[in-house]
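J.: Pasting in a structure now, in structure tokens, and then I'll have a few things to ask.
The values are calculated or read from the model by the stated rules, or taken from the named source; none is laboratory data. A quick note: this is a predicted structure, and the numbers were derived from the prediction, not measured. Heads up, the Cβs are rebuilt from the backbone with ideal geometry, glycines too, and the neighbour counts pull from every protein chain shown. Only protein heavy atoms, including side chains, enter the accessible area calculation; ligands, DNA and RNA are left aside. Shrake-Rupley method; radii C 1.70, N 1.55, O 1.52, S 1.80 Å.
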Amino acid sequence: MQRKNFTEVTEFIFLGFSSFGQHQITLFVVFLTIYIFTLAGNIIIVTITHKDHHLHIPMYFFLSMLSSSETVYTLVIVPRMLSGLIFHNLPISLAGCATQMFFFVTLATNNCFLLTAMGYDRYVAICDPLRYMVIMSKGMCAWLVCGSLGTGLVMAVLHVPAMFSLPFCGTVVEHFFCDVYPVMKLSCVDTTLNEIINYGVSSFVILVPIGLIFISYVLIISTILKIASAEGQKKAFATCASHLIVVVVHYGCASIAYLKPKSESSVEKDLLLSVTYTIITPLLNPVVYSLRNKEVKDALCRAVGRNTSLQI
């Protein structure tokens, strides 16, 4: 009965970067440039790992899955954000917002657990190298990838329907996409239960992978320190460096964004953090794995060499 007193909200408008005024065109150019490089980098990684038989090993299978997930993840968020910088006050329907949030939660969770699978892969490669190909079989790799995506879908199914069963009074989302807290703030009713669900989901998605990756790296480091030669230690550390860089940035931003107390939130800080994990982090993946990884660079050289010889 109480819902009848609420005006039915059928669409939202993103506040986005409107506070930046005349700098929005500059932001558009910067974000578009980053987005193009992100798409190009992830597509190159997916293509090169598929085409080059030297990269047909579990480590690069997970990398290609992560790149594919990051590509769809950015497609869900960034084009809408870019259009908002040019065409202000573009509305999004309630169903459109729910769909965007569903894909965001699914893919963000999927990315977290794919990074965990990559950490497990590095653990097996360094701590049990003789059985690496037996343990990291095609079946195990497929199970880990499906498990990551399945976990993301479960989190989204738990989260999004509960969110959009709420009645909404406000229509202006203080963000550039349908993130959880900015949409929740528009509800007319008490959202304590939804906040508990959100915090539980966020804690699970962030802390469980961090814990598993931490255990993997404790075992990895203890194994590396037992290697007699300095050159051997250096090679072992090098195989983990790219993954570790991506993990630190990814989980660092996610932890600050979703596990900090609400009292420390502000629109400007939240926008900055969101830009980091929706635009900067997806670019970091192809850049780090391309620039720091000799096998990927060699595969790119082989691909460029083949194309050049075909043209000649």
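J.: Sort through Ile34, Ile86, Ile43, Ile77 and tell me the only one that's within 30 Å of Ala125 (Cα to Cα) and of a type in the set (A, V, I, L, M, F, W, C).
T.: Ile43
J.: Would you please name the residue that is farthest from Phe204 (Cα to Cα), looking only at residues in segment 240-283 that are open to solvent by 30 Å² or more (accessible area, probe 1.4 Å), at pLDDT 80 or above and of a type in the set (A, V, I, L, M, F, W, C)?
T.: Leu283
J.: Can I ask one more? Could you please give the count of residues in segment 1-52 that are at pLDDT 80 or above, more than 30 Å from Asp298 (Cα to Cα), surrounded by 12 or more Cβ atoms within 10 Å (Cβ to Cβ) and of a type in the set (S, T, N, Q)?
T.: Total meeting the criteria: 1.
J.: Taking the residues in segment 217-232 that are surrounded by fewer than 17 Cβ atoms within 10 Å (Cβ to Cβ) and among the aliphatic types (A, V, I, L, M) as candidates, determine which candidate is farthest from Asp128 (Cα to Cα).
T.: For segment 217-232, the residue satisfying everything is Ala230.
J.: Would you mind finding the one in Phe214, Phe237 that is within 21 Å of the chain's Cα centre (by Cα), within 24 Å of Ala117 (Cβ to Cβ) and open to solvent by 60 Å² or more (accessible area, probe 1.4 Å)? If you could, list the steps in order and put the result at the bottom.
T.: Values: Phe237 fails: within 21 Å of the chain's Cα centre (by Cα).
Sole residue among the options that is within 21 Å of the chain's Cα centre (by Cα), within 24 Å of Ala117 (Cβ to Cβ) and open to solvent by 60 Å² or more (accessible area, probe 1.4 Å): Phe214.
J.: Something else about it: Filter segment 161-202 down to residues that are farther than 16 Å from Tyr258 by Cβ and of a type in the set (Gly, Ala, Ser), then give me how many there are.
T.: Going through segment 161-202 one residue at a time, the tally reaches 4.
J.: Of (1) under 21 Å from the mean Cα position of the chain (by Cα); (2) more than 30 Å from Gln233 (Cβ to Cβ); (3) part of a helix (DSSP H, G or I); (4) of a type outside the set (S, T, N, Q), Gly16 satisfies all except one. Which?
T.: (3)
J.: Six or more apart or on different chains, Cβ atoms under 9 Å: show the pairs whose first residue is in segment 215-239 and more than 17 Å from Glu295 (Cα to Cα) and whose second is β-branched (Val, Ile, Thr) and modelled with pLDDT of 85 or more.
T.: Ser216/Thr116; Tyr217/Val247; Leu219/Ile126; Ile220/Ile126; Thr223/Ile126; Ile224/Ile126; Gly232/Ile224; Gln233/Ile224
Yes or no, residue by residue, for (1) in contact with a Cys (Cβ under 7 Å, 6 or more places away or on another chain); (2) more than 17 Å from Gln100 (Cβ to Cβ); (3) surrounded by fewer than 15 Cβ atoms within 10 Å (Cβ to Cβ):
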| position | (1), (2), (3) |
| --- | --- |
| His159 | no, no, no |
| Phe164 | no, no, no |
| Cys169 | yes, yes, yes |
| His175 | no, no, no |
| Asp179 | no, no, no |
| Met184 | no, no, no |
| Thr191 | no, yes, no |
| Asn194 | no, yes, no |
| Ile197 | no, yes, no |
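J.: Tell me which residues, restricted to segment 138-192, are in a helix (DSSP H, G or I), touching a residue at least 24 places away in the same chain (Cβ under 8 Å) and under 17 Å from the mean Cα position of the chain (by Cα).
T.: Leu144, Val145, Gly147, Ser148, Leu149, Thr151, Gly152, Leu153, Met155, Ala156, Val180
J.: In segment 55-101, what count of residues is obtained for those that are part of a helix (DSSP H, G or I), in contact (Cβ under 8 Å) with a residue 40 or more places away in the chain, over 23 Å from Val246 (Cα atoms) and open to solvent by 60 Å² or more (accessible area, probe 1.4 Å)?
T.: The qualifying residues number 2.
J.: I've got another one for you. Being within 21 Å of the chain's Cα centre (by Cα), touching a residue at least 40 places away in the same chain (Cβ under 8 Å) and farther than 20 Å from Lys269 by Cα narrows it down to one residue among Phe37, Phe31; which is it?
T.: Phe37
Residue-by-condition table, conditions (1) more than 22 Å from Leu75 (Cβ to Cβ); (2) modelled with pLDDT of 90 or more:
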residue: Met140; (1), (2): yes, yes
residue: Leu144; (1), (2): yes, yes
residue: Leu149; (1), (2): no, yes
residue: Gly152; (1), (2): no, yes
residue: Thr171; (1), (2): yes, no
residue: Tyr181; (1), (2): yes, no
residue: Cys188; (1), (2): yes, no
residue: Asn198; (1), (2): yes, no
